[in-house]
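As structure tokens, the structure follows; a few thoughts come after it.
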Amino acid sequence: MNTALITGASRGLGRALAAGLAREGFALIIDGRDAAALDAAAQQIRAAGGDVTAISGDVTDPGHRAALRRAAEAAGRLDLLVNNAGTLGASPLPALADYPADELRAAFEVNVIAPIALTQLLLPLLRPRGGAVLNITSDAAVEAYTGWGGYGAAKAALEQASNVLAAEEPGLRVWWTDPGDLRTDMHQRAFPGQDISDQPRPESVVPAFVRLISQRLPSGRYRAAHLMPAVS
Ligand SMILES: NC(=O)c1ccc[n+]([C@@H]2O[C@H](COP(=O)([O-])OP(=O)(O)OC[C@H]3O[C@@H](n4cnc5c(N)ncnc54)[C@H](OP(=O)(O)O)[C@@H]3O)[C@@H](O)[C@H]2O)c1
């Protein structure tokens, strides 16, 4: 059974992706810091017939990352790593001129260092299977939105790390993908007090990711909006 490890699957895009990949027949390993929310996500997947191992913890914690690796070893194979867990950083979004250095450092820990470190740990399992790494990034990595300098700089670093990883690991697929604006807790934190109910639900972009993964498209940068299957 194809096995995928998805970080940050207790809510938002990660939870929707986990449910979608379970429907595609993937066995899953998922994480998130909120154990109760993670358990609820896992129960929903199991109720729909999915196979899921939930391990609560913080991706910035090396001990937690080691536990994720042990779970992948116990599964006997790993075909896909989705580095989805992310943080917005400071909210309301400060200009770079005012960005607190500790909050900047924390955003880089979650959005850049942790996914690279987790990938390093899991490459020995992914390589024999010709597996794939999917890093969730953002348009803020490439556009100069005011207030988005901390988050955007971290996502830009993740994008370039993905780009280099793709060159260094030609036997794998490495994708870095902008999901587009989604109605999630993170998006609400970016726009505190604003009505974001007009934003698409995270489930809406799952078919784009399923296409990327199932068709094993070439390594590179993708936008979910461009991957959506045509509506007939
Ligand atoms: N929403 C958007 O409009 C949008 C647009 C572009 C890109 N993105 C990207 O899409 C990805 C998912 O975002 P989202 O909107 O779904 O965010 P979200 O609703 O805030 O969910 C983030 C998920 O990551 C987990 N997480 C956060 N920090 C973690 C940590 N240190 N260790 C382990 N898990 C952690 C959270 O669970 P816990 O809190 O339980 O740990 C949660 O499951 C992110 O990489 C984000 O940057 C989102």
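Could you list, in sequence order, all residues of region 1-43 that are assigned to a loop (DSSP other than H, G, I, E, B), over 12 Å from the mean Cα position of the chain (by Cα) and within 13 Å of the ligand (Cβ to nearest atom)?
Going through region 1-43, the residues assigned to a loop (DSSP other than H, G, I, E, B) turn out to be 1-2, 7-11, 24-26, 33-34.
Going one step further and asking which of them are over 12 Å from the mean Cα position of the chain (by Cα), we end up with 1-2, 24-26, 33-34.
Of everything in region 1-43, those that are assigned to a loop (DSSP other than H, G, I, E, B), over 12 Å from the mean Cα position of the chain (by Cα) and within 13 Å of the ligand (Cβ to nearest atom) turn out to be Arg33, Asp34.
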- Message: Return the residues of region 44-56 that are of a type outside the set (A, V, I, L, M, F, W, C) and within 11 Å of the ligand (Cβ to nearest atom); say none if nothing qualifies.
- Response: Ser56
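Just checking, does region 93-107 include any residue being closer than 20 Å to Trp176 by Cα, in a helix (DSSP H, G or I) and touching a residue at least 12 places away in the same chain (Cβ under 8 Å)?
Yes, there is a match, as at least one residue in region 93-107 is closer than 20 Å to Trp176 by Cα, in a helix (DSSP H, G or I) and touching a residue at least 12 places away in the same chain (Cβ under 8 Å).
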- Query: Checking Arg77 against (1) surrounded by 17 or more Cβ atoms within 10 Å (Cβ to Cβ); (2) of a type in the set (Lys, Arg); (3) outside any helix (DSSP H, G or I), which single condition isn't satisfied?
  - Reply: (1)
- Looking at (1) without any contact (Cβ under 8 Å) to a residue 40 or more places away in the chain; (2) in a loop (DSSP other than H, G, I, E, B); (3) among the hydroxyl-bearing types (Ser, Thr, Tyr), can you tell me which one Thr60 breaks? (1)
- Query: Restricting attention to region 123-165, which residues are surrounded by 22 or more Cβ atoms within 10 Å (Cβ to Cβ), within 16 Å of the ligand (Cβ to nearest atom) and either of a type in the set (A, V, I, L, M) or more than 19 Å from Pro179 (Cα to Cα) (or both)?
  - Reply: Val133, Leu134, Ile136, Ala140, Ala154, Leu158
- Message: It is to be established whether one or more residues within region 106-114 are farther than 26 Å from Tyr151 by Cα, within 14 Å of the ligand (Cβ to nearest atom) and surrounded by fewer than 19 Cβ atoms within 10 Å (Cβ to Cβ).
- Response: no
- Query: Taking region 208-219, which residues are more than 12 Å from the ligand (Cβ to nearest atom), surrounded by 16 or more Cβ atoms within 10 Å (Cβ to Cβ), closer than 20 Å to Phe26 by Cα and touching a residue at least 40 places away in the same chain (Cβ under 8 Å)?
  - Reply: Val210, Leu212, Ile213
- Query: For region 87-125, which residues satisfy the criterion of being within 23 Å of Arg69 (Cβ to Cβ) and in contact with a Ser or Thr (Cβ under 8 Å, 6 or more places away or on another chain)?
  - Reply: Glu109, Val110, Asn111, Ile113, Ala114, Pro115, Leu118
- Query: Of all residues in region 179-196, which are farther than 12 Å from Ser91 by Cα and either more than 6 Å from the ligand (Cβ to nearest atom) or of a type in the set (A, V, I, L, M, F, W, C) (or both)?
  - Reply: Gly180, Leu182, Arg183, Gln194, Asp195, Ile196
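No value in this document is a laboratory result; all are computed from the given coordinates. Quick caveat: nothing in here was measured; it's all calculated off a predicted structure. Here Cβ is always computed from backbone atoms with ideal geometry, including for glycine, and neighbour counts include all displayed protein chains.
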